[in-house]
Amino acid sequence: MTLTTGQETIVRGCPSTMGDDFQLNTTTLIRHAARTHGDQEIVYRTPDGGWDRYSYRDSYARVCRSANALRQLGVGPGDRVGILDWNSRRHFELYFAIPGLGAVMLQMNLRLGTEDLSFVVGHSEASLVLVDETLLSVAEAIAPHVPGVKGWIVMSDKPLSEIRTSLSPVYHHEDLLAAAEPTINWPVIDERSAYSACYTTGTTGRPKGVYYSHRAIYLHSTSLAVNIGMGMDDCTMLLTPMFHAQCWGLPQTAMLAATKIVLPGRYMVEDTAPLTDVIIAEGVTVTCGAPAIFQPMLNYIETLPVKPDFSRLRMLCGASEPPLSLMSGFHHLTGAEIIHAYGATETTPIVAVNRLKPSLKKLTGEQRWNLKRKQGLLVAGVDFMLLDDSDEEVPHDGKSIGEICIRGPWVTRSYHNMPDSAERFVNGYWRSGDAGTIDTDGYLKLTDRLKDVIKSGGEWISSIDMENALMGHPSVAEATVVGVAHPRWEERPLALVVLKPGHQLTTEQVWAHLSTTFAKWQLPDQVLFVDKIPRTSVGKLNKKVVRAEYGERYTKG
């Protein structure tokens with residue numbers, strides 16, 4: 001028998017005798033881990049900044065209690081439940097408790113402004129939100145704009161009587177767990193059901209929802225474990241925010257591989273010394289993050305009289321290309337390997353990982369370091385195309401540039417409830433908006449971005465949306481926003497503003513105006529008041545000229 005789906009014909013051969021109807025569920029991962037590796041450790045940061053630990057077995061009992069408590073509040077299959085939290089043990093437990101009920105874990109990005117975060121909660125139709133006590137102000141800011149939320153669950157070690165909040169109705173997470181049973185009969189969930197949802201930070205317009213299936217994250221976890229080489233003797237630190245792109249899939253992968261786990265809680269990029277110290281103390285061998293977090297770690301290590309031995313440490317690095325000085329610095333000082341990787345919210349996210357192929361071991365040291373700048377080898381199970389402006393494929397010769405288009409079992413094929421986004425897909429492939437090459441050895445290299453979107457610290461900032469906001473100020477005649485190179489954040493916004501005759505504005509006033517729709521981290525580092533903005537021959541703002549003129553604004557004193 002043959003079936004035709006889209007552009008492909010599927011051939012059906014002799015039926016197998018396998019349990020192909022056995023559903024791949026996220027609860028399978030933690031149930032097995034607790035049953036077989038129940039004494040494995042999970043180390044977590046406490047609210048007072050200290051550290052504590054418990055076992056897989058103890059964690060699983062709390063997962064079961066969380067699920068039972070949520071079920072008592074009416075959470076069932078298909079319901080959306082939001083989380084406002086740091087990389088805490090409660091957040092980790094909810095990664096399994098919410099999907100285990102057939103519900104959807106809504107990842108609420110703390111870097112979004114009130115307007116966008118309210119949109120995410122409303123668009124997803126979240127019915128409950130769990131919020132860490134330290135983030136009550138964030139929840140209180142969005143609460144008036146999300147009438148669909150029927151309850152707020154505060155996560156804190158303090159009793160509810162000591163917590164002051166305007167949220168209503170409000171529940172206490174630990175009280176709910178104390179009253180719940182520590183065991184549960186998990187439902188068998190159709191593996192195609194969404195286990196989690198994450199919204200892009202938006203290139204233009206509103207954030208777009210990506211809803212990941214149980215099957216997708218299960219297969220992604222298997223792929224990541226293989227490509228990073230994770231096993232029972234590893235220790236995984238979940239450094240990337242758990243509120244975005246499932247912490248790059250490491251929570252589930254760590255459970256699959258039965259590694260020791262370290263949860264750093266809330267931390268500041270400006271103070272990475274405690275994180276580095278715990279990597280040393282707990283023997284972390286796998287972690288993930290961006291150059292913006294790894295560089296301060298290296299700076300701290302340089303001050304240590306005795307350098308740590310990180311010869312087993314693999315540091316999965318994304319969001320932006322890691323500088324060679326960062327990769328070589330970690331290698332020469334500690335023996336750690338920074339592994340460049342590529343992915344996106346839409347791809348769960350890992351679809352390329354930079355490891356050295358055995359056939360390339362003949363490369364010189366300098367050639368190897370240059371190779372490590374590439375995004376990496378395409379992982380098995382995922383297909384890539386490079387398309388030119390006419391949507392024709394270009395060859396994988398390391399020279400021909402095309403838009404990177406991706407499909408696979410953990411790559412989205414649509415955005416949730418956004419039918420007008422069909423242009424982001426072609427023949428089942430997701431259009432990344434990134435331009436790049438693939439060489440004859442299979443290594444992907446990003447060369448540019450197709451749209452004038454700014455990527456700062458791994459998050460997208462829409463220049464068009466910011467320009468429109470600037471133009472909404474009564475004193476602004478013209479405005480443009482471009483991303484220019486930044487030594488720490490890859491890119492930061494730079495705004496050029498032309499004022500109306502007789503009007504005056506300060507940078508602080510512009511920031512105040514933009515802060516009504518943009519988060520603080522999204523605001524342009526500098527606002528330049530100019531007489532005119534370059535335009536093309538057809539009257540469009542010429543951002544290419546602007547970037548050429550101001551491209552070193554943040555890199556040169």
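For residue 431, are the conditions met, namely being closer than 27 Å to residue 80 by Cβ, at pLDDT 90 or above, touching a strand residue (DSSP E or B) at 6+ places or on another chain (Cβ under 7 Å) and in a loop (DSSP other than H, G, I, E, B)? For residue 431, the condition - closer than 27 Å to residue 80 by Cβ, at pLDDT 90 or above, touching a strand residue (DSSP E or B) at 6+ places or on another chain (Cβ under 7 Å) and in a loop (DSSP other than H, G, I, E, B) - is not met.
Of all the residues in region 473-489, those that are out of contact with any Ser or Thr (no Cβ under 9 Å at 6 or more places or on another chain) and not β-branched (Val, Ile, Thr) number 7.
Against the conditions (1) in contact with an Asp or Glu (Cβ under 8 Å, 6 or more places away or on another chain); (2) at pLDDT below 90, residue 533 satisfies every one except (2). Here residue 238 qualifies as aliphatic (A, V, I, L, M), in contact (Cβ under 8 Å) with a residue 24 or more places away in the chain and under 12 Å from residue 87 (Cα atoms). Residues being assigned to a helix (DSSP H, G or I) and surrounded by fewer than 17 Cβ atoms within 10 Å (Cβ to Cβ) are represented in region 518-541 by at least one member.
Would it be correct to say that residue 137 is more than 15 Å from residue 106 (Cα to Cα), surrounded by fewer than 22 Cβ atoms within 10 Å (Cβ to Cβ) and among the small types (Gly, Ala, Ser)? I'd like the intermediate steps shown before the answer.
Details: more than 15 Å from residue 106 (Cα to Cα): yes; surrounded by fewer than 22 Cβ atoms within 10 Å (Cβ to Cβ): yes; among the small types (Gly, Ala, Ser): yes.
Judged against the criteria, residue 137 is a match.
Residue count for region 17-37, restricted to those that are assigned to a helix (DSSP H, G or I), in contact with a Lys or Arg (Cβ under 9 Å, 6 or more places away or on another chain) and farther than 17 Å from residue 92 by Cβ: 1. When you look at residue 264, is it in contact with a Lys or Arg (Cβ under 6 Å, 6 or more places away or on another chain), at pLDDT 95 or above and closer than 26 Å to residue 489 by Cα, yes or no? Criteria met by residue 264. Scanning region 177-209 for residues that are in the same structural domain as residue 58 (by TED's automatic domain parsing) and over 23 Å from residue 26 (Cα atoms), we see that the one that is nearest to the chain's Cα centre (by Cα) is 178.
For every residue, the table says whether it meets (1) polar (S, T, N, Q); (2) surrounded by 24 or more Cβ atoms within 10 Å (Cβ to Cβ); (3) out of contact with any strand residue (DSSP E or B) (no Cβ under 6 Å at 6 or more places or on another chain).
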site	(1), (2), (3)
240	yes, yes, no
259	yes, yes, no
262	no, yes, no
279	no, yes, yes
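Residues in region 121-148 that are free of Cβ contacts under 8 Å to residues at least 60 places away in the same chain, farther than 18 Å from residue 163 by Cα and not acidic (Asp, Glu): 121, 122, 126, 127, 128, 142, 144, 145, 146, 147, 148.
Could you tell me whether region 516-525 includes any residue that is touching a residue at least 24 places away in the same chain (Cβ under 8 Å), among the aromatic types (Phe, Trp, Tyr), closer than 21 Å to residue 459 by Cβ and touching a Lys or Arg at 6+ places or on another chain (Cβ under 8 Å)? Yes: one or more hits.
Among the numbered conditions (1) over 30 Å from residue 274 (Cβ atoms); (2) surrounded by 15 or more Cβ atoms within 10 Å (Cβ to Cβ), the only one that residue 15 does not meet is (2). Could you check, for region 174-183, whether at least one of its residues is touching a residue at least 40 places away in the same chain (Cβ under 8 Å), surrounded by fewer than 18 Cβ atoms within 10 Å (Cβ to Cβ) and of a type in the set (Ser, Thr, Tyr)? Yes, that holds for at least one residue. Within region 60-105, the set of residues being of a type in the set (Gly, Ala, Ser), more than 23 Å from residue 23 (Cβ to Cβ) and outside any strand (DSSP E or B) comprises 61, 69, 74, 88. At least 1 residues being of a type outside the set (D, E, K, R), at pLDDT below 95 and farther than 30 Å from residue 46 by Cβ is the threshold, and among the helices (runs of 4 or more DSSP H) wholly inside region 267-360 those reaching it are 324-334. Selection of region 388-427 for residues being touching a Phe, Trp or Tyr at 6+ places or on another chain (Cβ under 9 Å) and over 28 Å from residue 192 (Cβ atoms) yields 396, 398. Being in contact with a helix residue (DSSP H, G or I) (Cβ under 7 Å, 6 or more places away or on another chain) and assigned to a strand (DSSP E or B) is a description that applies to residue 236.
Do you know which residues across region 44-59 are at positive phi and part of a helix (DSSP H, G or I)?
Those that are at positive phi and part of a helix (DSSP H, G or I): none in region 44-59.
Selection within region 281-292: residues that are under 17 Å from residue 458 (Cα atoms) and in contact with a helix residue (DSSP H, G or I) (Cβ under 8 Å, 6 or more places away or on another chain). The member of this set that is surrounded by the most Cβ atoms within 10 Å (Cβ to Cβ) is 288. Among the candidates 117, 94, 135, 112, the residue that is aliphatic (A, V, I, L, M) and under 22 Å from residue 25 (Cα atoms) is uniquely 94. The condition of being without any contact (Cβ under 8 Å) to a residue 40 or more places away in the chain, buried (at least 22 other Cβ atoms within 10 Å of the Cβ) and of a type in the set (S, T, N, Q) holds for residue 253. Restricting attention to region 45-63, and to residues there that are in contact (Cβ under 8 Å) with a residue 60 or more places away in the chain and within 14 Å of residue 91 (Cα to Cα), which single residue is farthest from the chain's Cα centre (by Cα)? Of everything passing the filter in region 45-63, 62 is farthest from the chain's Cα centre (by Cα). All conditions in (1) in a loop (DSSP other than H, G, I, E, B); (2) more than 22 Å from residue 418 (Cβ to Cβ); (3) of a type in the set (Lys, Arg) hold for residue 111, with the sole exception of (2). Residues of region 94-120 that are surrounded by fewer than 24 Cβ atoms within 10 Å (Cβ to Cβ) and either without any contact (Cβ under 8 Å) to a residue 60 or more places away in the chain or of a type in the set (Asp, Glu) (or both): 114, 115, 116, 118.
Report yes if some residue within region 537-545 is under 20 Å from residue 205 (Cβ atoms) and without any contact (Cβ under 8 Å) to a residue 12 or more places away in the chain; otherwise report no.
yes
In the set 118, 88, 127, only one residue is at pLDDT 95 or above and more than 17 Å from residue 176 (Cβ to Cβ); that residue is 118.
The values are calculated or read from the model by the stated rules, or taken from the named source; none is laboratory data. Quick caveat: nothing in here was measured; it's all calculated off a predicted structure. Neighbour counts are summed over all protein chains in view; Cβ atoms, including those assigned to glycine, are modelled from backbone coordinates with ideal geometry.
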